[in-house]
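A short worksheet on the structure shown next.
The values are calculated or read from the model by the stated rules, or taken from the named source; none is laboratory data. What you see is a predicted model, and the numbers here were worked out from it, not measured in a lab. Because the Cβ atoms are built from the backbone with ideal geometry, glycine has one as well, and the counts that use them run over all protein chains shown. What goes into the accessible areas is simple: the full protein's heavy atoms, side chains included, and nothing from ligands, DNA or RNA. Shrake-Rupley method; radii C 1.70, N 1.55, O 1.52, S 1.80 Å.
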Amino acid sequence: MTGNVKDSSIDFDAVIIGAGFSGLYMLHILREAGFTSRVFEAGENVGGVWYWNRYPGLRCDSESIYFNYTFSEKLYKGWTWSSRYPEQPEILSYLNYVADTLDLRKDITFNTWVESAHYDEENNKWVIKTKEGECVTARLFITGVGCLSAANIPTIKGIESYDGEIYHTSRWPHKQIDFKGKRVGVIGTGSSGIQVIPIIAQESKHLTVFQRTPQYTLPANNHLLDPEYLQNIMDNFENFRNEVRHKTNGGFITKPLNRSALEDTPEQRERIYENYWNKGGPHFLSGSYNDLSTNPEANETAAEFVKNKILEIVKDHKIAEKLIPTFPIGAKRIVIDTGYYETYNRVNVSLIDTKKEQIIEITPKGVSTTEREYEIDVLVLATGYDAMTGPLLKIDIRGKSDISLKEKWDGGANLKTYLGLANSGFPNMFTITGPQSPSVLGTVPIFIEQHVEWIAECINFLRENEIVEIEATKEAEEVWSKHAHEVASKFFYAEHDSWYTGANIEGKPKGILVYRGGFQLYRKKCDEVVNNGYEGFQLTYRKNLSNNNSLIH
Ligand code: NA7
């Protein structure tokens with residue numbers, strides 16, 4: 001891999017994990033400010049989740065015009081998206097374009113898995129070790145490991161005995177999988193399943209979908225982007241950037257109507273919902289009535305509309321009934337699709353409701369349920385992720401007194417962070433889009449930019465003020481975690497089982513993993529911390545240290 005340089009130096013100002021959206025920008029901004037940095041990346045190229053996650057049909061559920069960096073006008077204007085919702089190969093090309101344009105690869109070590117990061121209290125440095133045998137030190141340790149990057153591999157009995165081809169959607173091979181003439185099984189009907197199912201149905205001999213929980217999905221209404229529309233954004237870039245960064249949830253510019261769903265007549269509601277359904281994408285929820293997430297009765301009107309759509313689209317009533325979700329709409333992350341419900345009108349597609357016909361085991365030939373054995377040539381696991389905390393807990397991260405992050409969070413049962421960015425007991429460590437930050441509840445690259453810029457400003461502050469150590473206090477963590485719970489409680493479904501709460505992983509304690517206060521409130525809180533002299537952080541000045549530790553270079 002070109003650019004996969006193993007630097008001869010072993011001491012850096014910052015070590016960053018991950019060469020996705022987070023790691024690339026973090027590296028760039030620190031390098032521009034004169035800090036020495038190294039990125040470790042497990043993949044053989046840049047991209048992060050967009051490198052690993054490449055199943056057919058994969059598209060992002062954020063609109064492409066927002067799904068990029070906005071920090072550089074030149075960078076923004078040097079790239080043209082083709083369609084409303086970007087598909088994975090295009091996102092990956094975009095990140096390669098960024099890495100090339102900013103010449104980032106020379107500071108990235110690819111094909112390298114960070115196994116551990118331990119804080120050396122005596123020298124105020126992080127000691128980072130890789131599976132490949134490297135050991136480096138850094139004043140600052142920054143994780144850009146993604147929110148949805150640790151695959152949830154189901155522990156179904158017999159899975160290791162299966163003789164056919166088996167793929168998890170998040171670790172898709174870097175070659176085309178041939179489904180032609182094959183019997184394919186898909187386990188899981190979240191966003192990944194819902195995107196891959198229509199494509200496999202078209203290519204395979206027969207597709208059997210094993211559905212545990214039906215999910216709400218809305219038509220993406222994807223289309224090619226009008227060059228005039230794009231030109232208008234380019235011509236008004238400064239306004240666009242300001243709007244995206246400071247007035248919205250990272251791109252969801254549609255504001256909800258200023259009224260409750262219950263204020264309208266059923267006919268009026270039908271017209272509103274139909275309008276937003278046809279617009280496509282998540283606007284159905286974010287752009288229609290203002291109380292769908294706070295009032296169960298209002299929520300039920302939107303859920304009912306989608307249920308009726310399913311009954312209208314899916315011709316076989318029995319199949320349609322199986323596809324109707326029974327939980328509040330929006331409680332699990334809303335999915336957007338292209339032709340999902342229509343797929344169940346195909347004769348080569350079967351739908352198994354595994355709550356009624358349970359999966360007993362995977363056999364060498366296929367999937368065995370309480371009813372029968374399904375012979376399967378290719379088995380696709382679309383079973384999602386150990387979200388938010390999962391990617392961090394896969395690494396042996398240890399702070400002061402050799403306490404691991406896992407111990408500190410009690411495996412997740414006692415999850416407390418400061419702003420989702422920092423943790424008490426873990427000085428000089430920052431988690432980009434970490435648990436209890438807005439992370440996935442909006443357009444992720446825009447949220448990443450805010451985190452990266454906050455961290456970079458903080459690091460500059462440390463350098464300018466000869467501060468050797470910055471550490472979140474326990475009190476600040478308590479306050480932040482309480483606030484995260486309070487803002488979540490306004491959403492009547494916030495504790496519903498989903499990957500937002502960790503309930504999708506067997507044995508994982510349920511918690512509030514994402515910050516639901518909104519991006520603008522979050523940004524304001526982060527800015528206040530800075531304006532109040534890094535309130536909630538304990539700062540250790542060099543002059544107060546007996547060992548006169550060296551500063552950030
Ligand atoms: P999700 O949304 O977590 O969906 C995973 C699906 O897999 C879901 O239908 C699960 O059913 C099902 N699942 C998980 N484990 C099992 C087992 N053991 N047996 C049967 N079915 C299982 O992950 P996705 O990858 O689709 O999407 C994640 C996010 O990525 C998405 O929200 C977008 O933001 C992008 P369950 O609902 O738990 O009953």
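DSSP beta bridges fully contained in the chain are about 40 percent antiparallel.
Where the centre of each part is set by its Cα atoms, how far does region 186-238 sit from region 304-325, in angstrom? Region 186-238 and region 304-325 have Cα centres separated by 19 Å. For the peptides 263-271, 217-225, the ranking by mean Cβ contacts within 10 Å, running from highest to lowest, is 217-225, 263-271.
Averaging the sequence gap over all C-alpha pairs within less than 8 Å and six or more residues apart, then dividing by the number of residues, gives the chain a relative contact order of 19 percent. Note on the chain: with charges restricted to the Cβ of Lys and Arg (+1) and Asp and Glu (-1), its dipole about the Cα centre is near 480 debye. Within the accessible area of the chain, the carbon and sulfur atoms contribute 48%, probe 1.4 Å, all protein chains present.
Think of the chain as having a plus end and a minus end, set by charges on the Cβ of Lys, Arg, Asp and Glu; of PRO198, PRO86, SER546, PRO198 sits farthest toward the positive end of this dipole. Axis of helix 88-101 versus longest Cα principal axis of the chain: the two differ by about 20°, to the nearest ten degrees.
Using the per-residue mean of other Cβ atoms lying within 10 Å as a proxy for protection, in what order, highest first, do the peptides 79-90, 410-421 fall? Could you put the intermediate results ahead of the total?
Values: 79-90: 17.1, 410-421: 19.5.
Top to bottom by mean Cβ count within 10 Å: 410-421, 79-90.
Once fully extended, how much extra length lies between GLU44 and THR326, figured as 0.36 nm per residue of separation less the alpha-carbon to alpha-carbon distance?
Details: separation 282, 0.36 × 282 = 101.52 nm, distance 4.20 nm.
Result: 97.3 nm gained on full extension.
Quick one: helix 519-531 against the long Cα principal axis of the chain, what's the angle to the nearest 10°, folded into 0 to 90? Around 10 degrees separate the two axes.
Can you give the net charge of the other residues whose Cβ lies under 11 Å from the Cβ of GLU203, counting K and R as +1 and D and E as -1? Don't skip to the end; give the middle numbers.
Values: positive: LYS180, LYS182, LYS205; negative: ASP178.
Local charge sum for GLU203: +2.
Only lysine pairs 8 or more places apart or on separate chains count here, and in region 183-321 those with Cα atoms under 17 Å apart total 6. Angle of helix 21-32 to the longest C-alpha principal axis of the chain, folded into 0 to 90 degrees and rounded to 10: 20°.
Any idea what the dipole of region 474-553 comes to, in debye rounded to 20, about its Cα centre with Lys/Arg Cβ at +1 and Asp/Glu Cβ at -1?
On the way: 11 positive and 10 negative charges, 48 e Å.
Charge dipole of region 474-553: 240 debye, to the nearest 20.
A simple spin-label model places pseudo-atoms 7 Å from Cα toward Cβ; at GLU165 and LYS543 they are separated by 6.7 nm.
Quick one: dipole size for region 221-372, taken about the Cα centre, charges +1 on Lys/Arg Cβ and -1 on Asp/Glu Cβ, in debye to the nearest 20. Each step should come with its number before you reach the end.
Numbers: 20 positive and 23 negative charges, 100 e Å.
Value, rounded to 20: 480 debye.
Accessible area per residue for the chain, computed on protein heavy atoms with a 1.4 Å probe, is 41 Å².
Let me have the 222 nm mean residue ellipticity of the chain computed from DSSP H runs of 4+ only, each contributing -39500 (n - 2.57), with the sum over all residues rounded to the nearest 500. Working shown, then result.
Working: 17 runs with 171 residues, N = 553.
Computed mean residue ellipticity for the chain: -9000 deg cm²/dmol.
For LYS355 and LYS318 in one chain, what is 0.36 nm times their gap in residues minus the Cα-Cα distance, to one decimal in nm?
Values: separation 37, 0.36 × 37 = 13.32 nm, distance 1.51 nm.
The span from LYS355 to LYS318 would gain 11.8 nm if fully extended.
Name the long-range amide H neighbours of THR369: under 5 Å, sequence gap of 5 or more, or other chain; modelled H, no Pro or chain starts. Answer set, sorted by chain and number: ILE360, TYR374. Using a Förster radius of 45 Å, what is the FRET efficiency between LYS524 and GLU304 based on their Cβ-Cβ separation? Nearest 0.05, please. The calculated FRET efficiency here is 0.80. Distance from a point 7 Å along Cα→Cβ of THR265 to each backbone N in region 302-321: keep the residues under 20 Å and list them by number. So the set is 302, 305. At a Förster radius of 25 Å, what calculated FRET efficiency corresponds to the Cβ-Cβ distance of SER401 and CYS135, to the nearest 0.05? FRET efficiency, SER401 to CYS135: 0.70.
With r as the distance between the Cβ atoms of LYS205 and LYS365 and R0 = 22 Å, compute the FRET efficiency 1/(1 + (r/R0)^6) and round to 0.05.
On the way: r = 15 Å, r/R0 = 0.70.
The value I calculate is 0.90.
The label point for ASN239 and the one for GLU486, both projected 7 Å from the Cα toward the Cβ, are 3.7 nm apart. Only one residue of ALA33, GLY411, THR248 has its Cα farthest out toward the positive end of the dipole of the chain, where Lys and Arg carry +1 and Asp and Glu -1 on Cβ, and that residue is GLY411.
Taken along the Cα-to-beta-carbon direction at a fixed 7 Å, the label points for SER72 and ASN111 span 2.7 nm. The amide H of TYR85, built 1.01 Å from its N in the peptide plane, has SER64, HIS223 as neighbours under 5 Å, considering only residues 5 or more places off or on other chains. Highest mean first, the peptides 114-121, 34-41, 521-528 sorted by other C-beta atoms within 10 Å per residue fall in the order 34-41, 114-121, 521-528.
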